[in-house]
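Report on one structure; see the data block that follows.
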Amino acid sequence: MFAGCQQCRLLAWGMEMAKKKEFSQEALKEIETIVASYPVKQSAVLPLLHLAQREFGFIDDETVELIAGVLGIKPIQVEQALGSYSIFHRVPHGKYVIQVCTNISCSLLGAEEILCHLEKRLGVNRDSTTPDGLVTLKTVECLGSCGTAPVMTINDTYYENLSIDKVETILHEVGV
Amino acid sequence: MNERILLKNVGASGSHKIDAYLSSGGYKALEKALRTLKPDQVIEMVKKSDLRGRGGAGFPTGLKWSFIPKGVQGPRYLCCNADEGEPGTFKDRVIMENDPHLLLEGIALSCYALAIETAYIYIRGEFIFGAERLLSAICESEARGFLGDDILGSGFNLKIHVHRGGGSYICGEETALLESLEGKRGEPRLKPPFPASVGLYGRPTVINNVETLANIPYIVMNGPEKFASIGTKRNTGTKLFAVSGHVNKPGVYELPLGVSLRRLLFEFAGGMKNGRNLKAVFPGGSSTPVVTPEHLDVPLDFDSLVAAGTMLGSGAVIVMDDTTCMVRIALRLTEFYRHESCGQCTPCREGLGWMVKVLERIEAGKGSPGDVELLIDICSDISTKTLCPLGDAAIIPAQSTIRSFRDEYDLHIKTGGCPFAPECPATEGSLGA
């Protein structure tokens, strides 16, 4: 509403600048240790993408530039690597990301029923987020937990030997 | 009683801590090597033990090590392949989460043998718990002088780093792993040159699987003869078999190489779930050709399984009962490999997408006569025409299920539907239950 006012525009610009993504002090210390683990700085791309995802929740273009800046490489080099790894979120996601494994061993033991149940229970299709932004439901390839199939992860935690009842208990505990 | 080399500590409380590891004789092999053995003697022991790589290819470890050029100045590296990603495989995770010091000792011995001072454990991105366990174990071990500078006063230095992957199957291929570790796209390199001469950062590099390295302390401690007395000729030692699917007791079993599939499934893994009949088994992960009940007495070792037309692979035994639709299995796995294809080679990138389309229409009852021949054709156009083994791996589910269950494919086409109708109609490429 004060669009015409020079001062307000400056204030808005200042606020925008203030929002610019930066690594926290602790993160920067961690980055120092990470970079020192490799003779070539570019090797730290994957660890820094993991760290950035932990800090900011997802990896947008600004984060790519931030990582490139820290490592002294071109943003396109970070972008190229990023494009070949499925673990990183390129867009914001729900507070809880539920990933259901649908690979062979899990599917043999009912992963599809679990997934269908979650879709009905959460009222969303796979690969989408609930309207309140609480949960993103995704399918995922083999999680390396086939002996305890079916398996899903919520954020970084594995939930194994699932049944529909067990899924309900887990959702209740998590607060979904 | 079967001797356990790899899982001997697993199951004990606090098995991941250094005190538990030391009290069961841990780091004694490292001490023995540093005090009494020359690096070449360690290599010789591993050669004599006939240890073969446990990651899938079964290549002799000692021979692989001998490709590292001698007398080259400058750094050289060891990469531990912990990118366990082959569907059905969950064995390395057990070692890393429950007995991380066993792996560290194996790495330390291997690095001592090969005069390597820097090692990277490339662990798959989802194994956050395993990565944390390894990191704490490295800290503990450095604090006690088993890793770091001047280990046990021997002058040997070793730094081990943990590097988490990004959820890409192809990074389990050793040159893609190196690219990924260098911060690039996980895309396999053209070989030669082989990593032993031009590897990580262009330096000589040895890449070994977790389970392979975890065998080294036993070989050094007990001697190669003792190790070679377990298993069968040229297939020595024990193997971790990761059993999943329709069995009563899925899990990781450590048994001598050469144990029969029958014993593994019925004596150890508790037999078939719900008393149903066995239909098919992937004996070494989803990219090894399926075997049928007539193969139950084939010894599970590298050579016997090759003779039976399949492979030991990673030792991931995926068991399917008679309610399983083999077309769905082929479809789901081909979709997986299409998803994981890095896209460098046209036959793999385009061929797998095409195969998925054909398999989808057969499964949906819309297949036409000639579709199976088309699949066989595409498989032969992918086979051996790619940079890395992913192309050859990816065609195996379809190729081997067509070979063993051709009638099932024909039935889908003839009747215009799947005889094993899914319970959830919304599914696309899933297997039902």
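Each value in this text was obtained by applying a stated rule to the coordinates, not by laboratory testing. As the structure is a computational prediction, the values presented were derived from the model and not from experiment. All Cβ positions, glycine included, derive from the backbone under ideal geometry; neighbour counts span all protein chains shown.
By Kyte-Doolittle mean hydropathy of at least -1.0 and Cα axial length of at least 18 Å, which whole DSSP H helices of chain B are selected? It would help to have the intermediate numbers written out before the result.
Numbers: long enough: B:100-114 (21 Å, 1.25); B:128-143 (23 Å, 0.64); B:326-340 (21 Å, -0.19); B:346-363 (25 Å, -0.14); B:396-415 (25 Å, -0.70).
In chain B, the long hydrophobic H runs are B:100-114, B:128-143, B:326-340, B:346-363, B:396-415.
Along the positive direction of the dipole of segment B:326-415 (beta-carbon charges: Lys, Arg +1; Asp, Glu -1; about the Cα centre), which of B:SER400, B:LEU331, B:ILE382 reaches farthest?
B:LEU331
Ratio of Rg to Rh for segment B:59-163, alpha carbon only, Kirkwood?
Details: Rg = 14.2 Å, Rh = 14.5 Å.
That ratio equals 0.98.
Give the shape of segment B:18-229 as rounded, prolate or oblate, defined through the alpha-carbon gyration tensor: a ≥ b ≥ c are the square roots of its eigenvalues, a/c under 1.5 means rounded, and otherwise the shape is prolate if a/b is larger than b/c and oblate if not.
Numbers: a/c = 1.41, a/b = 1.19, b/c = 1.19.
The shape class here is rounded.
Only four residue types carry charge here, +1 at the Cβ of Lys and Arg and -1 at the Cβ of Asp and Glu. Report the dipole size of segment A:96-174 about the Cα centre in Debye, rounded to the nearest 20.
Numbers: 5 positive and 11 negative charges, 18 e Å.
Around 80 debye, computed over segment A:96-174.
Treating segment B:1-58 as a set of equal point scatterers at the Cα positions, no solvent, please give the Debye-formula log₁₀ I(q)/I(0) at q = 0.15, 0.19, 0.23, 0.26 Å⁻¹.
Listed by q, the Debye log ratios stand at -0.67, -0.96, -1.06, -1.06.
Report the Cα-based extents of segment B:231-272 along its three principal axes, largest first, to the nearest Å.
31, 15, 11
Holding the Cα-Cα limit at 29 Å, pick out from B:LYS8/B:LYS70; B:LYS64/B:LYS226; A:LYS138/B:LYS64 the pairs that are longer than that. Intermediate results must be reported in sequence, preceding the final value.
Numbers: B:LYS8/B:LYS70 35 Å; B:LYS64/B:LYS226 21 Å; A:LYS138/B:LYS64 40 Å.
Beyond 29 Å between Cα atoms: B:LYS8/B:LYS70; A:LYS138/B:LYS64.
Springs between alpha-carbon atoms under 10 Å, Gaussian network over chain B: tell me which of B:GLY155, B:GLY58, B:GLY285 tops the mean-square fluctuations.
Maximum among the listed residues: B:GLY155.
Among DSSP beta bridges lying fully in segment A:96-174, give the percent that are antiparallel, nearest 5.
Values: 8 of 14 bridges.
Of the beta bridges lying entirely in segment A:96-174, close to 55 percent run antiparallel.
Please report, in whole Å, how far the alpha carbons of segment B:234-321 spread along each principal axis, starting with the longest.
37, 23, 20
Counting residues in the protein assembly as shown as N, plug N into 2.2 N^0.38 Å and put the Cα Rg over that result. Could the numbers behind the result be given before it?
Working: Rg = 24.8 Å, N = 609, 2.2 N^0.38 = 25.2 Å.
Dividing the Cα radius of gyration by 2.2 N^0.38 Å gives 0.99.
Provide the FRET efficiency to the nearest 0.05 for the B:LYS385-B:ARG361 pair, computing r from the beta carbons and using R0 = 25 Å.
Working: r = 25 Å, r/R0 = 0.98.
Approximately 0.55, to the nearest 0.05.
From other protein chains only, count the Cβ atoms within 10 Å of every residue's Cβ in B:335-348, then give the mean. Could you put the intermediate results ahead of the total?
On the way: counts 3, 5, 1, 0, 2, 3, 0, 1, 1, 0, 0, 0, 0, 0.
The shielding value for this peptide is 1.
Can you give me the Kirkwood hydrodynamic radius for segment B:143-275, using every pair of distinct Cα atoms, in Å to one decimal?
On the way: mean 1/r = 0.0541 Å⁻¹.
One decimal place: 18.5 Å for the Kirkwood radius.
Take peptide A:83-91, look around each residue's Cβ out to 10 angstrom, count Cβ atoms belonging to other protein chains, and average those counts.
5
With each run of n ≥ 4 DSSP H residues scored as -39500 (n - 2.57), what mean residue ellipticity at 222 nm is computed for chain B after dividing by its residue count and rounding to the nearest 500 deg cm²/dmol? Could you put the intermediate results ahead of the total?
Values: 17 runs with 172 residues, N = 433.
About -11500 deg cm²/dmol.
For the pair B:ALA308/B:LEU135, report the inter-label distance in nm, with labels modelled 7 Å from Cα in the Cβ direction.
4.2 nm
Given N residues in chain B, what is Rg(Cα) / (2.2 N^0.38 Å)?
Numbers: Rg = 22.2 Å, N = 433, 2.2 N^0.38 = 22.1 Å.
Normalised Cα radius of gyration, chain B: 1.01.
When Cβ neighbours within 10 Å are restricted to other protein chains, what is their mean count per residue of peptide A:109-121? Can you show the working numbers first?
Details: counts 7, 6, 4, 11, 6, 1, 4, 6, 1, 0, 2, 0, 0.
Rounded to a whole number, the mean comes out at 4.
For segment B:363-420, take N as its residue count and report Rg(C-alpha) divided by 2.2 N^0.38 Å.
Working: Rg = 12.7 Å, N = 58, 2.2 N^0.38 = 10.3 Å.
Ratio of Cα Rg to 2.2 N^0.38 Å: 1.23.
Give a quick list of chymotrypsin sites (Phe, Trp or Tyr not before Pro) in segment B:201-245 that DSSP marks as loop, anything other than H, G, I, E or B, with at most 14 other Cβ atoms within 10 Å. Could the numbers behind the result be given before it?
Working: sites: B:TYR201, B:TYR218, B:PHE227, B:PHE241; in loops: none.
Qualifying residues, ordered by number: none.
Rounded to whole Å and sorted largest first, what semi-axes of the equivalent ellipsoid does the C-alpha gyration tensor of chain A yield via the square root of 5 times each eigenvalue?
Details: eigenvalues 260, 114, 34 Å².
One finds semi-axes of 36, 24, 13 Å for chain A.
Go ahead and collect, in residue order, the members of segment B:325-347 whose backbone nitrogen is under 12 Å from a label point 7 Å along the Cα-Cβ direction of A:SER86.
Residues passing the 12 Å test: B:333-342.
Taking just the C-alpha trace of segment B:326-415, give me its Rg and Dmax in Å.
Rg and Dmax of segment B:326-415, Cα atoms, are 12.1, 39 Å.
Return a whole-number percent for the relative contact order of segment A:96-174, with Cα pairs under 8 Å and 6 or more residues apart as the contact set. Could you put the intermediate results ahead of the total?
Values: 121 pairs, mean separation 29.6, N = 79.
RCO, segment A:96-174: 38 percent.
Could you give me the ³J(HN,Hα) list for segment B:183-193, computed from phi with Karplus coefficients 6.51, -1.76, 1.60 and θ = phi - 60°, whole Hz, x at Gly and Pro?
x, 10, 4, x, 10, x, 8, 6, 10, x, x
Dividing the Cα convex hull volume of segment B:178-254 by residue count, how many Å³ per residue is that? Walk me through the numbers on the way to the answer.
Numbers: hull volume 13.9 nm³, N = 77.
Here the figure is 181 Å³ per residue.
Give the share of C-alpha pairs in each 10 angstrom bin for segment A:96-174, from 0 to the last occupied bin, in whole percents, shortest bins first.
21, 59, 19, 1
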